[in-house]
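Report on the structure given below.
The values are calculated or read from the model by the stated rules, or taken from the named source; none is laboratory data. Nothing here was measured: the structure is a model prediction, and the numbers come from that model. Please note: Cβ atoms are built from the backbone with ideal geometry, for glycine as well, and neighbour counts cover all protein chains shown.
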Amino acid sequence: MKFSKIKPIQAIHFFLMIIFLWGCNQNQIDKRGEREVIDMHGRTVMIPAKITKIIAINAGMLRLICWLDATEYICAVEGNEKKRQVPYLYAYPELRNLPIIGTRNSAEAELLVAASPDIILSTYITASEADVLQKKTGVPVLAVKYGNFDDGIDTVFSALHFLGNILNKNERADKLTKYIREIIFDLDSRTSNITQNPPSVYVGGIAYRGSHGITSTEPRYPSFRFLNTPNVAGSLDPVMTSPKDMMLNAFIDKEQLIEWNPDFIFLDAGSLYAMKAQMLQEPWLEILKAFEEQNVYSVLPYNWYTTNYSTILVNSYFIGKILYPEAFSDVNPEDKAHEIYGFILGKSVYDQMQARYKPFVNISINE
């Protein structure tokens with residue numbers, strides 16, 4: 001029967017029935033206290049309408065929760081969170097006192113269940129892995145893409161907005177993304193017009209699952225890109241050190257570094273102990289222009305348990321001040337570090353980072 005032939009009274013009854021059925025369905029959802037969300041892998045997951053307890057697993061996940069000022073939801077942590085010396089744990093040391101859901105970085109299904117979270121949030125997890133974990137624990141699992149500060153920067157912002165929606169932190173997510181965009185714009189605007197003889201630069205000692213020597217680098221080092229500065233290693237193909245890891249390291253031969261002979265060298269402070277031993281044993285470093293002219297500086301490590309984006313921004317202002325003093329004449333890098341950590345984490349942790357790693361100092365071979 002065509003709809004056009006339905007009598008008016010029949011049409012009214014038909015629409016009343018639709019409204020009734022829709023209302024029944026809504027009441028069922030309300031009674032269950034659930035809502036439907038689509039995670040960052042496109043999975044449809046039913047989660048409690050009211051979230052009170054969460055667990056964040058895998059690299060970077062807890063960091064994002066701290067950024068969103070949502071640590072009150074965390075009910076348990078991975079074992080290694082007890083000992084990491086990273087900004088988010090300096091800002092929220094009380095997280096170290098929570099129960100653990102496994103040793104090191106491994107989550108155990110039984111301990112996850114025992115913690116009774118409303119949801120589990122996970123980075124670096126495939127859709128199928130999320131499904132398996134959800135089935136094992138009976139707890140909704142939401143996959144979150146961590147992104148990077150390269151071609152995945154929009155993913156970083158999407159992750160913050162996704163989590164803000166889940167945890168009722170939308171306003172905080174908006175403020176974070178706006179602030180980060182403003183910082184990156186500021187770095188670019190200060191340096192984009194510097195075209196005459198920009199210094200060549202190199203970063204060494206990039207850590208990955210431990211310290212490495214000066215020949216460990218990153219071709220897409222974010223701070224150099226934000227500062228429009230030519231990275232001598234930029235032409236190298238990055239090596240994905242793990243299928244799930246966004247750290248795109250490359251390891252070069254010493255002959256390659258000698259050939260490049262950059263004007264400035266920046267060394268990851270997390271690897272300084274290993275590199276100082278290398279400096280004493282390998283006199284070839286003395287012939288590098290940067291060492292001869294005392295243009296070698298330490299910077300904060302930024303890739304412990306994946307990328308620490310706030311530290312990248314802190315490093316960028318220090319490096320900018322060294323390379324382009326006129327463009328950054330109005331910037332005190334230490335004050336900027338306090339500001340960046342303070343805004344992103346809710347409290348400045350620069351003093352703790354400085355005490356731990358002693359960054360931003362001139363490095364010489366014989367010191």
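If you go through the stretch 27-38 one residue at a time, do you hit one that is at pLDDT 50 or above, farther than 29 Å from ASN148 by Cα and over 35 Å from the mean Cα position of the chain (by Cα)? Working first, answer last.
Our first condition is that a residue be at pLDDT 50 or above; within the stretch 27-38, this holds for 31-38.
Among the residues that remain, those that are also farther than 29 Å from ASN148 by Cα are: 31-35.
Okay, now just the ones that are also over 35 Å from the mean Cα position of the chain (by Cα), so 31.
Within the stretch 27-38, one or more residues are at pLDDT 50 or above, farther than 29 Å from ASN148 by Cα and over 35 Å from the mean Cα position of the chain (by Cα).
Only helices (runs of 4 or more DSSP H) whose full extent lies in the stretch 288-367 are considered here, and the ones with at least 1 residues that are modelled with pLDDT under 95 are 289-292, 350-357. For ARG172, indicate whether it is among the basic types (Lys, Arg) and either touching a Phe, Trp or Tyr at 6+ places or on another chain (Cβ under 6 Å) or more than 21 Å from ASP150 (Cα to Cα) (or both). Judged against the criteria, ARG172 is a match.
Here GLU182 passes the criteria (1) over 22 Å from GLY79 (Cβ atoms); (2) touching a strand residue (DSSP E or B) at 6+ places or on another chain (Cβ under 7 Å) except the one numbered (2). The requirement of being touching a strand residue (DSSP E or B) at 6+ places or on another chain (Cβ under 7 Å), of a type in the set (S, T, N, Q) and surrounded by fewer than 22 Cβ atoms within 10 Å (Cβ to Cβ) is not satisfied by GLN196. The sole residue among VAL201, VAL239 that is farther than 18 Å from ILE153 by Cα, at pLDDT 90 or above and either of a type outside the set (S, T, N, Q) or surrounded by 17 or more Cβ atoms within 10 Å (Cβ to Cβ) (or both) is VAL201.
Considered as a group, the residues in the stretch 68-90 that are surrounded by 16 or more Cβ atoms within 10 Å (Cβ to Cβ), closer than 15 Å to THR306 by Cα and touching a helix residue (DSSP H, G or I) at 6+ places or on another chain (Cβ under 7 Å) include one that is modelled with the lowest pLDDT, and that residue is GLU81. Could you list, in sequence order, the residues of the stretch 43-79 that are more than 17 Å from the chain's Cα centre (by Cα), part of a helix (DSSP H, G or I) and touching a residue at least 24 places away in the same chain (Cβ under 8 Å)? Those that are more than 17 Å from the chain's Cα centre (by Cα), part of a helix (DSSP H, G or I) and touching a residue at least 24 places away in the same chain (Cβ under 8 Å): TYR73, GLY79. Is it the case that LYS321 is touching a Pro at 6+ places or on another chain (Cβ under 8 Å), of a type outside the set (Asp, Glu) and surrounded by fewer than 22 Cβ atoms within 10 Å (Cβ to Cβ)? Yes.
Any residue that is more than 28 Å from SER310 (Cβ to Cβ) and buried (at least 19 other Cβ atoms within 10 Å of the Cβ) - is there at least one of those in the stretch 147-160? For the stretch 147-160, residues more than 28 Å from SER310 (Cβ to Cβ) and buried (at least 19 other Cβ atoms within 10 Å of the Cβ): absent. Apart from one condition, LYS169 fits all of (1) surrounded by fewer than 21 Cβ atoms within 10 Å (Cβ to Cβ); (2) at pLDDT 95 or above; (3) over 14 Å from ASP39 (Cβ atoms); the exception is (1). Within the stretch 43-69, the residues that satisfy the criterion of being touching a strand residue (DSSP E or B) at 6+ places or on another chain (Cβ under 9 Å) and small (Gly, Ala, Ser) are ALA49, ALA56.
Taking helices (runs of 4 or more DSSP H) as the structural unit, those lying wholly within the stretch 116-212 and holding at least 3 residues that are in the same structural domain as LEU68 (by TED's automatic domain parsing) and over 20 Å from the mean Cα position of the chain (by Cα) correspond to 127-137. Under the condition of being part of a loop (DSSP other than H, G, I, E, B) and touching a strand residue (DSSP E or B) at 6+ places or on another chain (Cβ under 8 Å), the residues counted in the stretch 32-42 number 4. Evaluating PRO262 against the criteria (1) part of a helix (DSSP H, G or I); (2) more than 18 Å from ARG63 (Cα to Cα); (3) modelled with pLDDT of 95 or more; (4) not aliphatic (A, V, I, L, M) leaves one unmet condition, (1). Among the residues of the stretch 41-67, those that are out of contact with any Asp or Glu (no Cβ under 7 Å at 6 or more places or on another chain) and either surrounded by fewer than 20 Cβ atoms within 10 Å (Cβ to Cβ) or more than 24 Å from VAL113 (Cβ to Cβ) (or both) comprise HIS41, GLY42, ARG43, LYS50, ARG63, CYS66, TRP67.
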